[in-house]
Structure formats: structure tokens, C-alpha cells
Amino acid sequence: QVQLVESGGGLVQAGGSLRLTCAASGSTFAMGWFRQAPRKEREFVAVINWTGGSTAYSDSVKGRFTISRDGAKNTLYLQMNSLKPEDTAVYYCVAGGVVTTNPDYWGQGTQVTVSP
């Protein structure tokens with residue numbers, strides 16, 4: 001069983017930065033982030049493999065967000081730069097299953113709000 005706990009969300013002005021953290025317990029392999037904006041479906045944001053050597057991003061965040069992990073601490077990060085109001089969403093840490101489309105495990109989510 002894997003448990004995921006996110007932190008680091010908050011309110012930031014457009015153009016600003018935030019770093020999300022996900023503390024994981026249990027065995028994890030690939031991990032990633034999803035988000036859900038108001039009145040929209042959840043969407044894939046980023047994924048990282050077990051070693052941290054391979055990453056992938058949605059087109060909407062590529063070049064602005066960076067996913068990373070610390071294997072020793074079993075912790076996942078999402079550095080978000082140049083934030084836009086359309087990045088406003090609840091961000092979820094995910095693991096297991098097919099991380100990019102159908103993860104097995106989800107955190108409780110952390111709210112990110114970007115003001116104009």
C-alpha cells in the first residue's frame with residue numbers, strides 16, 4: 001500500500017513560482033502529478049521514472065514546470081515557474097499503475113491558485 005501526502009500549494013501572482021512536495025510511504029516506481037481545475041476533468045501534468053533519469057510533461061507546462069524526486073527521502077517535487085492563472089487547480093501526487101493515464105494511488109491534493 002502506498003500513501004501520498006502533498007504540500008506546498010498556495011496563492012501566488014502570475015509570473016511567480018511555487019514548489020509542491022509529495023511525501024510517499026511504501027514502494028513507488030514511476031510517480032507523477034495530475035491537476036484538476038474548477039469544472040474541468042483531471043489532467044496529466046508530469047511523470048518521472050524510478051531513477052529520476054526520465055521525465056515527461058504535458059504541453060501546457062513544458063518549459064515552466066520541473067518534476068524531480070529524492071529517492072533517499074521517497075519524496076517527489078514539482079517546481080512550478082512562470083505560473084499563469086490557467087494553472088489554478090488542485091494538484092495531485094500519483095503513483096503506481098500507468099502513471100500517465102490511470103495511476104493506482106492518489107494523494108489528497110493541494111490547492112494552487114494563481115492570481116492575474
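The values are calculated or read from the model by the stated rules, or taken from the named source; none is laboratory data. Everything quoted here is computed from the prediction, not taken from an experiment. Quick reminder, even Gly has a Cβ in these numbers, built from the backbone with ideal geometry, and neighbours come from all protein chains shown. These accessible areas exclude ligands, DNA and RNA; they are computed on the full protein's heavy atoms, side chains included. Shrake-Rupley method; radii C 1.70, N 1.55, O 1.52, S 1.80 Å.
What to note about this one:
- Here the range 1-50 is treated as a sphere whose radius is the Kirkwood value from Cα pairs; by Stokes-Einstein at 10 °C and 1.306 mPa s it diffuses with a coefficient of 123 µm²/s.
- Counting only trypsin sites (Lys or Arg not before Pro) that DSSP places in a loop and that have at most 14 other Cβ atoms within 10 Å, the longest clean stretch of the chain runs over 74-116.
- Accessible area of the chain divided out per residue, in Å², using a probe of 1.4 angstrom: 52 Å²
- Theoretical FRET efficiency, 1/(1+(r/R0)^6), r = Cβ-Cβ of Lys84 and Asn49, R0 22 Å, to 0.05: 0.20
- If the chain linking Asp104 and Gln36 were pulled fully straight, counting 0.36 nm for each residue of separation and taking away their Cα-Cα distance, it would gain 22.8 nm.
- Considered as an equivalent ellipsoid built on the Cα gyration tensor, the chain has semi-axes of 22, 14, 13 Å, the largest given first.
- Among the GluC sites (Glu not before Pro) found in the range 1-92, those both in a DSSP coil and sparsely packed, with 16 or fewer other Cβ atoms within 10 Å of their Cβ, are Glu41.
- The range 91-96 - phi-based ³J(HN,Hα) in whole Hz, Karplus 6.51/-1.76/1.60, Gly and Pro as x: 9, 10, 8, 9, 7, x
- Between the range 3-24 and the range 38-65, the Cα center-to-center distance that results, in Å: 14 Å
- Site-free segments of the chain were taken between chymotrypsin sites (Phe, Trp or Tyr not before Pro) in DSSP loops having at most 16 other Cβ atoms within 10 Å, sites themselves excluded; the longest one is 51-116.
- Take every pair of alpha-carbon atoms less than 8 Å apart whose residues are at least six positions apart; their mean separation over the length of the chain yields a relative contact order of 36 percent.
- Relative contact order, percent, the range 29-89 [alpha-carbon distance under 8 Å, six or more residues apart]: 28 percent
- For Val5, the solvent-accessible surface with a 1.4 Å probe is about 80 Å², rounded to the nearest 10.
- Aspartates and glutamates with Cα under 19 Å of Lys40, excluding same-chain neighbours fewer than 8 positions away: Asp59, Glu86, Asp87
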